[in-house]
Each structure stands twice: as C-alpha cells, then as structure tokens.
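The numbers here are math on the coordinates, done by the rules we state, and not lab data. Here the structure is a predicted model, which means the values were calculated and not measured. Cβ atoms come from the backbone with ideal geometry, glycine included; neighbour counts cover every protein chain shown.
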Amino acid sequence: MTSGCEWVVDAAGCDPATLASLPALTSLFDDMVAGLNLHPVAPAQWRQFPGPGGITGLCLLAESHLAVHTFPETGALSLNLFCCKPRPTWAFEAELARRFGASRVSVRKLERILVLNEERVPA
C-alpha cells in the first residue's frame, strides 16, 4: 500500500538575486499549489535570512507539505513536495530553469510505501 509520493528536487546554477526574492518564491508556491490542485491549510510561512542568506518556506497542505530552502551564496535551491494522494509530476526542471535560471536540476521521485503487518502482537 502506498502512503504517498515525495519529490526531492535540487537545483544548481541559479541566479542568486532571484533565490533571495520572496516574491519569486511566493509565486513558485502559488503556481505549484494551483497547478497540482493542492490545498493549503494555512498561509505559507517564510523565513528570510539576513545579509546574503537565503529563504526557507513551508506550506502545510491537506495532502502533506511543500518546502523550499534557497542558498544564494552557492546558487542552489532545494525543494520538497510530499503528497499522500496521487498527483501528476510538475514540470520542475523547466520551471526552475525559467524562474531561477537553474542550469542543473535533479528530481527524485520517491514512492512512499506503507507496509501493513497482518500479524498483531497482543497488548
């Protein structure tokens, strides 16, 4: 039995200024939520780090969660989306290249498997 699907996405070669842009990341989340028919249970939470630091964002979803961490100092972005209900794969490579100038994007899709043990130990 599957308990969901998780995408682990890493992008490199990104534009540092865009990685430090809260509007750019908010737009990314908004478009992913709309495009994948996700259901936030509250507004996304954001933490913008001082100086040349990046941004961390988290959106709690009825389906699970969407998170991002940016690293302008290295031109990198890490994204995680977990859904307990089936969803199509989003165009991570194309969108991160278009929005952040990513030259390399790695997308790993993990099927989360729930193993049901038929044998129960008495309490």
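Condition test on Phe71, is it closer than 21 Å to Ser103 by Cβ and hydrophobic (A, V, I, L, M, F, W, C)? Criteria met by Phe71. Within segment 1-20, the set of residues being more than 12 Å from Ser78 (Cα to Cα), of a type outside the set (A, V, I, L, M, F, W, C) and either free of Cβ contacts under 8 Å to residues at least 12 places away in the same chain or in contact with a Leu (Cβ under 8 Å, 6 or more places away or on another chain) (or both) comprises Thr2, Ser3, Glu6. Scanning segment 17-40 for residues that are in a loop (DSSP other than H, G, I, E, B) and of a type outside the set (Ser, Thr, Tyr), we see that the one that is farthest from Cys59 (Cα to Cα) is Ala20.
Given the criteria among the β-branched types (Val, Ile, Thr), under 12 Å from the mean Cα position of the chain (by Cα) and under 14 Å from Val9 (Cα atoms), does Val107 qualify?
Details: among the β-branched types (Val, Ile, Thr): yes; under 12 Å from the mean Cα position of the chain (by Cα): yes; under 14 Å from Val9 (Cα atoms): yes.
Yes; evaluated as a whole, the condition is true for this residue.
Checked against the criterion of being of a type in the set (Val, Ile, Thr), closer than 15 Å to Lys109 by Cα and touching a strand residue (DSSP E or B) at 6+ places or on another chain (Cβ under 9 Å), segment 56-67 contains not a single residue that satisfies it. Where residues in segment 1-38 are among the hydroxyl-bearing types (Ser, Thr, Tyr) and under 14 Å from Arg87 (Cα atoms), which of them is surrounded by the fewest Cβ atoms within 10 Å (Cβ to Cβ)? Out of the qualifying residues, it is Thr2.
Could you list all residues from segment 72-101 that are small (Gly, Ala, Ser) and not in a strand (DSSP E or B)? Lay out the reasoning, then the answer.
Of segment 72-101, the ones small (Gly, Ala, Ser) are 75-76, 78, 91, 94, 97, 101.
Of everything in segment 72-101, those that are small (Gly, Ala, Ser) and not in a strand (DSSP E or B) turn out to be Gly75, Ala91, Ala94, Ala97, Gly101.
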